[in-house]
Structure formats: C-alpha cells, structure tokens
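Dropping the structure in here first, questions after.
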Amino acid sequence: MTEAANILPANDENLSAAATRLKSGGLVAFPTETVYGLGADARDDRAVARIFEAKNRPSFNPLIVHVLDLPSAAQYGEMDARAQQLAAAFWPGPLSFVVPRRADSGLSLLVSAGLDTVALRAPAHPLARNLLTRFGGPIAAPSANTAGEVSPTLASHVAQSLGTNVDLILDGGACAVGLESTVIDLCGDRPALLRHGAVTLEQLQDVLGVVDDATRPADGQAPRSPGQIARHYAPSIPVRLNASDAVAGEVLLGFGSGVPEGVQNLSPSGDLTEAAANLFAALRALDSPEHRAIAVMPIPETGLGRAINDRLRRAAEAHNG
Ligand code: TXA
Ligand code: MG
C-alpha cells in the first residue's frame with residue numbers, strides 16, 4: 001500500500017459523507033455486528049462492478065444486499081411465510097436469506113452474479129442502520145477484504161486489505177459477533193443452511209422445523225452457494241486444528257483455561273461468543289512468515305462453536321492441496 005487508506009470516525013458528519021459517496025457510485029466500508037462490509041449502491045451496475053474489482057472477487061460469487069427491515073427486503077426478494085417468521089425472530093441481526101429475486105427489484109444483475117435469487121440481510125449494528133437510513137436504498141456489501149482472506153473485524157483490517165481501493169472506511173470499532181452472517185436458502189421446499197453463523201442451525205430449526213444442513217456439499221454434489229467453492233477465510237500460513245500444543249516453528253492459538261502463559265487465547269474462560277469475536281483478529285495477528293503454521297487448540301462443536309470450527313476448517317483446508 002503506497003497511499004494511506006481513508007479511515008474516518010463514524011460520526012454524523014462522516015456518516016453523511018459516506019451516504020453521499022454511495023449515492024455517487026462510491027465504495028464505503030462500514031461496520032456491521034458480524035464483520036465490516038464493503039458497500040455500494042445495489043442498484044448501480046458500475047458501483048457493484050467496482051466491489052468485484054476492489055476485492056478481486058470472482059464475478060460468479062453473488063453479494064449480500066443490506067436493507068433496514070422486512071418491508072424493504074420485500075421490495076427486492078420474495079419474502080414468503082418462512083422468511084417472515086425468521087425475520088420476526090432474528091432481524092435485525094446476523095442472518096441472511098437467499099430468496100427468489102423479484103423481477104421488478106431494480107437491483108443490479110451483478111449483485112446476484114447471474115442467479116435469479118438474491119441474498120438479503122437487515123443488520124443490527126446502529127452505524128450500519130444509520131448509514132442505510134441516510135442513504136435511503138439497498139446497499140450491496142460483501143465482507144470488506146480481498147477475496148480469500150479472513151474477514152475484517154476492525155477498520156484497520158479493511159485498510160490493510162483494501163487500502164485505497166475503498167473510498168472511505170467508517171471506523172466503528174470492533175465487530176461484536178466477529179463471524180459472517182448465517183446464510184439460509186429459502187428458494188426450495190426445504191430450507192437449507194448455506195453458511196454457519198451466530199444464528200445457529202438449532203435456532204433456525206426451532207422456528208421452521210426442518211432445516212437441512214447444506215454447508216458442506218456431499219461428495220460429487222454441486223455446492224448450493226457459489227461462496228462455498230471459493231478459497232475462504234484463510235491466513236497465508238497453514239492452520240493445524242485440534243492441536244494440544246505447538247510443534248517446532250508453529251505458533252499456538254489457545255482456547256479455554258488450560259492454555260500456557262504468554263499464548264494468545266481466544267477466550268480464557270472458554271466462552272464461544274468471546275472466541276468468535278476474537279477469531280479473525282487473532283488469525284491476522286499470528287499470520288506471519290516467522291511461523292511455519294498456526295496450531296489451534298480444540299473448540300467445542302456446539303452452538304457458535306460450529307461456526308468457529310467451520311471457518312477454521314476452511315482455513316486449514318486452504319493449504320491442503
Ligand atoms: O456477515 C456478513 O454476511 C457480511 C456482512 C458485511 O454483511 N457479508 C458477507 O458477504 O460475508 P460475503 O459476500 O463475503 O459472503 C456472502 C455469501 C457468499 O458465500 C455468497 O456465495 C453467498 O453469501 N450468497 C450471496 N448471494 C447468494 C445467492 N443468491 N445464492 C447463494 N448464495 C449466495
Ligand atoms: Mg467474504
């Protein structure tokens with residue numbers, strides 16, 4: 001990065017400047033409760049094309065469109081009874097719906113990357129909502145990182161990753177959840193989970209009854225979400241899972257109470273919410289050529305632990321062939 005990225009505190013003046021940037025086709029990075037998003041006017045083809053360029057994202061991987069609430073979501077996608085029930089339970093919040101796209105949505109076709117569906121989410125973060133209100137339209141926003149990298153949970157991560165490819169970065173501090181939203185596909189007869197996140201499979205099943213787990217396509221089956229084939233969530237050095245300690249050259253990433261002094265710990269008390277919030281910043285901090293690999297201690301496969309382990313497995317697999 002030669003020039004400095006434009007990081008601004010998310011005060012009234014800068015939120016208003018950010019909305020103006022969006023209206024003129026610019027790219028604005030902003031905090032959500034999950035991770036930072038790289039936003040553009042979802043109705044503007046050129047602005048949406050700039051997102052793909054800035055991230056170096058394959059153009060077949062569609063984007064999430066951010067809205068304030070259910071009525072605005074219903075302008076862009078078919079929000080059936082199941083979507084309405086889920087929105088009542090979890091919106092605003094860390095849950096995205098893939099639904100049939102309305103013919104009169106007015107969204108850029110690029111947002112859906114050629115599919116006839118669209119992903120919609122109403123974020124809970126007050127700054128994201130403030131920006132949506134000031135802008136007054138749908139904001140397309142993938143995570144604000146170069147394709148394949150770990151998602152940003154701090155404004156400085158966005159600056160490191162995208163530099164001056166983004167017009168303005170609104171600094172709203174650390175993201176509370178720290179993992180990307182749960183994605184559920186409501187296009188078929190059976191709802192299908194496409195990505196684990198803070199809203200868990202069990203919570204979705206409590207509302208809808210049956211929800212298939214489609215986060216790991218079976219061998220030989222096509223993935224339901226284009227994002228599932230992309231190399232994802234990976235530091236540049238290998239990641240080894242379920243490690244009890246670090247072997248020569250590795251750096252240890254701990255979890256829980258039995259972690260040696262001086263070792264970075266996702267949550268000394270073994271709290272999964274805290275561990276999720278710390279995960280991406282920890283992976284970035286340890287991602288250095290001075291280490292041969294990051295050895296991660298076991299995380300329980302329950303509740304939010306599933307989303308954490310899902311990201312860790314993808315990070316580990318990125319270096320296995
Ligand atoms: O928490 C989040 O979801 C963040 C914040 C900024 O909202 N956004 C985010 O976006 O993680 P992104 O683009 O990094 O991930 C979106 C995921 C991808 O895996 C993509 O393939 C999937 O959602 N997706 C988007 N639209 C889809 C569609 N129409 N059908 C199937 N999958 C879709
Ligand atoms: Mg992403």
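Please treat every number below as a calculation from the coordinates, not as lab data. Values in this document were obtained by computation on a predicted structure and should not be read as measured data. For neighbour counting, all protein chains shown are included, and Cβ atoms are generated from backbone atoms with ideal geometry for every residue, glycine included.
Where in the chain are the DSSP H helices whose C-alpha atoms run 15 Å or more along the long axis and whose mean Kyte hydropathy is at least 0.5?
For the chain, where a helix must reach 15 Å along its axis and average at least 0.5, the hits are 272-286.
Helix-only mean residue ellipticity at 222 nm, the chain, DSSP H runs n ≥ 4 weighted -39,500 (n - 2.57), per residue, nearest 500. What is it?
Result for the chain: -9000 deg cm²/dmol, rounded to the nearest 500.
Next question, about the same structure. Need one number: % antiparallel among DSSP beta bridges in the chain, to the nearest 5.
Approximately 40 percent, going by the DSSP bridge assignments.
How about the range 9-82: which chymotrypsin sites (Phe, Trp or Tyr not before Pro) there are in a DSSP loop, with at most 16 other Cβ atoms within 10 Å of their Cβ?
F60
Give a quick list of trypsin sites (Lys or Arg not before Pro) in the range 164-244 that DSSP marks as loop, anything other than H, G, I, E or B, with at most 15 other Cβ atoms within 10 Å.
In loop regions of the range 164-244 (DSSP not H, G, I, E or B), the sparsely surrounded trypsin sites (Lys or Arg not before Pro) are R231.
Which ³J(HN,Hα) values in Hz, rounded to whole numbers, follow from the phi angles of the range 246-259 under the Karplus curve 6.51 cos²θ - 1.76 cosθ + 1.60, where θ = phi - 60° and Gly and Pro get x?
8, 8, 3, x, 7, 10, 8, 10, x, 8, x, 7, x, 9
Taking only the alpha-carbon positions of the range 1-106 and ignoring solvent, what does the Debye formula give for the base-10 log of I(q)/I(0) at q = 0.20, 0.22 Å⁻¹?
One equal scatterer on each Cα of the range 1-106 leads to -1.26, -1.39.
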